[in-house]
Amino acid sequence: MSNESETPKQIPGEPMRVKTSGDIEVSAYLEIAKEKGGVAPSRALTGIPAVERESIVVLDFGSQYSLLIARRIRECNVYSELLPYDTPWEKIAHLNPKGIIMSGGPSSVYEENAPLAPAYIYEGKIPVLGICYGMQAMTHQLGGKVSPPTKREYGHTVLHISDRHSPLFAGIDEAITVWMSHGDSVERIPPGFNAIAHTENTPLAAMANEKKMYGIQFHPEVVHTPQGKEILKNFVTHVCGCKGNWTIGNFINESIDAIKAQVGNGKVISALSGGVDSAVVSSLIHKAIGNQLTCIFVNNGLLRREEVERTFNTFRLNLGMNIIFVDAADRFLARLKGIIDPEQKRKIIGEEFIHIFEEEANKLGKVDFLAQGTLYPDVIESASTGSTASAKIKTHHNVGGLPARMKLRLIEPLRFLFKDEVRKVGLELGLPEEMVWRQPFPGPGLAIRVIGEVSKEKLEILRSADFVLMNEIKRAKLYRELWQSFAVLTEVRSVGVMGDHRTYGFLVGIRAVTSEDAMTADWARLPYDVLARISNRIVNEVPEVNRVVYDITSKPPSTIEWE
Ligand code: XMP
């Protein structure tokens, strides 16, 4: 944080994503094996040599917390992947799972076509932990009885542990607060199981058998179960015997090997934007193959003040990377002339980016691979879009994919990482903290923060206001606490008075939100004195602006960006 407050001007952004809509492979191992032309997947992107490889596979029964389970397991330094509940053994064997977790889910075992676990789960070869619906499916499939709700249990509950010797509860207090969220519950545990914990409303809240099968009705993965992480750690270490060798250092070393093997003598291009993901992916690949990587950095004229220079300097001067810098600000502006519809803006910016990227790539001669900063949540989201299609509010990934004629193969070394893991990789690779910790910034940049038609003059006004805002946010040491903070230039003009003069200036909106994942967000309760400083400075330092308002709406019903 100290770095950031010393260099308050740095506010670079997220990558303009170059997404493809191709099918998502379930596992990096398979992908690498394929890329290597059939070489056995002895090493792969999880960062663990084949001999020591271990993982916990989470089978997804549809809970909103499923991905969180994988994340918690990785916090125990054990690699974890989330896969569909009916994934056959052949598709997970290469991960060498030491244990399997069946997630919660919205179904009832009595529904027609209720999701149930594949048979290999119950063969007793690997420890299994069923969470919430996972416990109910286990009960149902192994001859116990699940009953429909008499009393629903939702929220905090006290769990009493009756089997204090159970390895699952090693070191856990006898009575702990847990998070419950279920209708159905287990009425009779399956033969061979013992009840090991209860709550007031759920007499059978946890169960276990001799074959290391466990069921728990509560959710250990959420923060509302304060000792939940301990319980998951117990499962991973005491029950499954994992060593915990999945570290960021290992990941980097193994990724470097995998990238070298994948690329051979080939050429790779990447699109650099100054955002975290593209920065980390480019640095990682650069570390593996040096100048076989060329980064293309397009200035679309829609970035914030000093962002272009800082990004360029970091990559070219500090990291010595091969960068083609394209100053295309005028091209983008020309195409945005007269456009007021936000979706139109996104489309135009996406298209123009592709044109430029392709033009530059063609100049390089034969290129084999395109590097992309796809992250694990993107992979999971794309893999499940069929079932969870929701109404399109905004086209976030403005670039629909590169033209097929470019015939580039994808290289996506971060596709199995969470954002916080990507940041750790970035830091370990020596990227500056201010770059690794930057807030997300949309691909269309300031074009969707200038309301209505975009012009050079308006962009400059917005840059000045935004620069002041970010400066104050960093000075108040709030930058990392906020998911995003930025200024918006509206089309509204209002009357003011400065000195003895009447003014008629622009209205600037300030947006600052907290969020976990941008799906929902709350407006940040910024201290009044910070707001006062922001407002005073903007009006004093940006002559075209004479009024500042603070946006106090959450998402939903609003969105984070104004357009
Ligand atoms: P909204 O405004 O939908 O934004 O609440 C959620 C998150 O997505 C970012 N965002 C975009 N990112 N291209 C992007 O790459 C876009 O067109 C785009 N629109 C919104 C926004 O900044 C927030 O983090």
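The values are calculated or read from the model by the stated rules, or taken from the named source; none is laboratory data. The structure displayed is predicted, hence computed values, not measured ones. Using ideal geometry, Cβ is built from the backbone for each residue, glycine included, and neighbour counts are taken over all protein chains shown. To get the accessible areas, we keep the full protein, side chains included, count just its heavy atoms, and leave off ligands, DNA and RNA. Shrake-Rupley method; radii C 1.70, N 1.55, O 1.52, S 1.80 Å.
Roughly how many Å is it from the Cα centre of region 133-193 to that of region 424-455, as a whole number?
If you average the Cα positions of each part, the centres end up 44 Å apart.
Would you mind telling me the share, in percent, of accessible area of the chain contributed by carbon and sulfur at probe 1.4 angstrom?
Details: 12200 of 23740 Å².
Answer for the chain: carbon and sulfur cover 51 percent of the accessible area.
Do you know the relative contact order of the chain, to the nearest whole percent, from alpha carbon pairs under 8 angstrom that are 6+ apart? Don't skip to the answer; put the middle values down first.
On the way: 1142 pairs, mean separation 84.8, N = 563.
Relative CO of the chain lands at 15 percent.
Roughly how tilted is helix 66-75, in degrees to the nearest 10 and between 0 and 90, from the longest Cα axis of the chain?
The angle comes out near 90 degrees.
Which net charge results when you count Lys and Arg as +1 and Asp and Glu as -1 among the other residues whose beta-carbon is under 13 Å from that of Val530? Let's see the in-between values first.
Values: positive: Lys474, Arg475, Lys477, Arg525, Arg533, Arg537; negative: Glu472, Glu481, Asp529.
Every neighbour counted, the sum reads +3.
So if we plug the beta-carbon distance of Lys91 and Lys456 into 1/(1 + (r/R0)^6) with R0 = 60 Å, what FRET efficiency do we get, rounded to 0.05? Write down the numbers at each step before the final one.
Details: r = 53 Å, r/R0 = 0.88.
After rounding to 0.05, the efficiency reads 0.70.
What distance in nm lies between label points placed 7 Å from Cα along the C-beta direction at Arg475 and Ala404?
With each label point 7 Å from Cα toward Cβ, the separation is 5.5 nm.
For Asp277, Asp173, write out the residues from largest to smallest accessible area, computed with a 1.4 angstrom probe and no ligands counted. Please report the intermediate quantities before stating the final value.
Details: Asp277 0, Asp173 80 Å².
Most to least solvent-accessible, the answer reads Asp173, Asp277.
May I ask you to rank His219, His238, His198, His165 by accessible area, largest first, using a 1.4 Å probe over the protein chains only? The partial results should precede the final answer.
Values: His219 5, His238 110, His198 75, His165 170 Å².
Output order, biggest surface exposure first: His165, His238, His198, His219.
Indicate, rounded to the nearest 5 percent, the antiparallel portion of the DSSP beta bridges found entirely in the chain.
Details: 35 of 75 bridges.
Within the chain, antiparallel bridges account for around 45 percent of the total.
At 0.36 nm per residue, minus the direct Cα-Cα distance, what do Asn265 and Ala114 gain on full extension? Give it in nm, one decimal, please.
Values: separation 151, 0.36 × 151 = 54.36 nm, distance 4.94 nm.
Full extension from Asn265 to Ala114 adds 49.4 nm.
Please give the charge dipole size of region 50-239, origin at the Cα centre, charges +1 on K and R Cβ atoms and -1 on D and E Cβ atoms. Round to the nearest 20 debye.
On the way: 16 positive and 20 negative charges, 47 e Å.
Computed about the Cα centre, the dipole is about 220 debye.
Which pairs in the list Lys91/Lys145; Lys145/Lys212; Lys233/Lys260; Lys345/Lys555; Lys337/Lys366 are over 27 Å apart, alpha-carbon to alpha-carbon?
Numbers: Lys91/Lys145 30 Å; Lys145/Lys212 20 Å; Lys233/Lys260 34 Å; Lys345/Lys555 22 Å; Lys337/Lys366 35 Å.
Check vs 27 Å cut-off fails for Lys91/Lys145; Lys233/Lys260; Lys337/Lys366.
May I ask what percent, to the nearest 5, of DSSP beta bridges between residues of region 50-239 are antiparallel?
Numbers: 20 of 38 bridges.
The antiparallel proportion sits near 55 percent.
Any idea how far apart Ile552 and Lys366 come out in nm if each label point goes 7 Å out from Cα toward Cβ?
6.4
Could I have the simple spin-label model distance between Arg331 and Val223, label points 7 Å from Cα toward Cβ, reported in nm to one decimal?
Here the answer is 4.4 nm between the modelled labels.
So what are the ³J(HN,Hα) numbers for region 188-198, from phi and the Karplus equation (6.51, -1.76, 1.60; θ = phi - 60°), rounded to whole Hz, Gly and Pro as x?
9, 6, x, x, x, 9, 10, 7, 10, 6, 8
As a test question: what accessible area, to the nearest 10 Å², does Met519 have when a 1.4 Å probe is rolled over all protein chains in place?
130
In percent, what relative contact order does region 210-332 have, based on Cα pairs under 8 Å that are 6 or more apart in sequence? Kindly include the intermediate steps, with their values, before the conclusion.
Numbers: 116 pairs, mean separation 22.5, N = 123.
Once normalised by length, the contact order is 18 percent.
Run the helix sum for the chain: -39,500 (n - 2.57) per DSSP H stretch of 4+ residues, divided by residue count, reported at 222 nm to the nearest 500 deg cm²/dmol.
Values: 16 runs with 165 residues, N = 563.
Using -39500 (n - 2.57) per qualifying helix, the result is -8500 deg cm²/dmol.
Please list the non-local residues whose amide H lies under 5 Å from the amide H of Arg409, H modeled 1.01 Å from N, same-chain partners needing a gap of 5 or more.
Phe369, Leu370
Which percent, to the nearest 5, of DSSP beta bridges fully inside region 449-550 are antiparallel? Walk me through the numbers before you get to the answer.
Working: 14 of 20 bridges.
Around 70 percent of the beta bridges assigned by DSSP in region 449-550 are antiparallel ones.
Where does the charge balance sit around Met498 when Lys and Arg score +1, Asp and Glu -1, over other residues with C-beta under 15 Å from its C-beta?
Numbers: positive: Arg493, Arg502, Arg537, Arg547; negative: Asp500, Glu541, Glu544.
Every neighbour counted, the sum reads +1.
Top to bottom by accessible area (1.4 Å), largest first, where do Glu200, Glu307 land?
Numbers: Glu200 175, Glu307 5 Å².
Sorted by accessible area, descending: Glu200, Glu307.
If you wrap region 449-550's Cα atoms in a convex hull and average its projection over all directions, what's the area in nm²? Can you show the working numbers first?
Details: hull surface 27.5 nm².
In nm², the orientation-averaged hull projection of region 449-550 is 6.9.
Give, as ranges by residue number, the residues of region 229-273 whose backbone N falls under 16 Å from the point 7 Å along Cα→Cβ of Asn318.
What the label zone holds, given the 16 Å backbone N cut-off, is 273.
Report, by chain and number, residues whose modeled amide H sits under 5 Å from the one on Ala205, excluding near sequence neighbours (fewer than 5 apart, same chain).
Sorted by chain and number, the residues that satisfy this are Ala197, His198, Thr199.
Report the extension gain between Lys151 and Ala195 in nm, rounded to one decimal, defined as 0.36 nm multiplied by the number of residues separating them, less their alpha carbon distance.
Working: separation 44, 0.36 × 44 = 15.84 nm, distance 1.95 nm.
The Lys151-Ala195 span can extend by a further 13.9 nm.
Filter the GluC sites (Glu not before Pro) in region 208-245 to those in DSSP coil with at most 15 other Cβ atoms within 10 Å of their Cβ, and list the result.
Details: sites: Glu210, Glu221, Glu230; in loops: Glu210, Glu221.
Passing both the DSSP loop test and the Cβ count: Glu210.
State, as an integer percentage, the relative contact order of region 43-167 based on alpha-carbon contacts under 8 Å between residues 6 or more apart. Spell out each step's value before the answer.
On the way: 180 pairs, mean separation 28.6, N = 125.
So the answer I get is 23 percent.
In debye to the nearest 20, how big a dipole does the chain give about its Cα centre with +1 on each Lys and Arg Cβ and -1 on each Asp and Glu Cβ? Don't jump to the answer; show the numbers that get you there.
Numbers: 64 positive and 68 negative charges, 152 e Å.
With Lys and Arg at +1 and Asp and Glu at -1, about 720 debye.
Please turn the phi angles of region 411-427 into ³J(HN,Hα) values with the Karplus equation 6.51 cos²θ - 1.76 cosθ + 1.60 (θ = phi - 60°), one per residue in order, whole Hz, x for glycine and proline.
Rounded to whole hertz, the list is 10, 10, x, 9, 5, 10, 10, 7, 4, 5, 6, 4, 4, 5, 4, x, 5.
Please give the Cα centre distance for region 216-268 versus region 506-542, rounded to the nearest Å.
Cα centroid of region 216-268 versus Cα centroid of region 506-542: 37 Å apart.
Give me log10 I(q)/I(0) at q = 0.09, 0.13, 0.18 Å⁻¹ for region 50-239, Debye formula, one equal scatterer per alpha-carbon, no solvent.
The Cα Debye sum returns log10 ratios of -0.27, -0.59, -1.21.
Are there trypsin sites (Lys or Arg not before Pro) in region 315-387 that DSSP puts in a loop and that have at most 15 other Cβ atoms within 10 Å, and which ones? Let's see the in-between values first.
On the way: sites: Arg316, Arg331, Arg335, Lys337, Lys345, Arg346, Lys347, Lys363, Lys366; in loops: Lys337, Lys366.
Counting only loop positions with at most 15 other Cβ atoms within 10 Å, the trypsin sites (Lys or Arg not before Pro) in region 315-387 are Lys337, Lys366.
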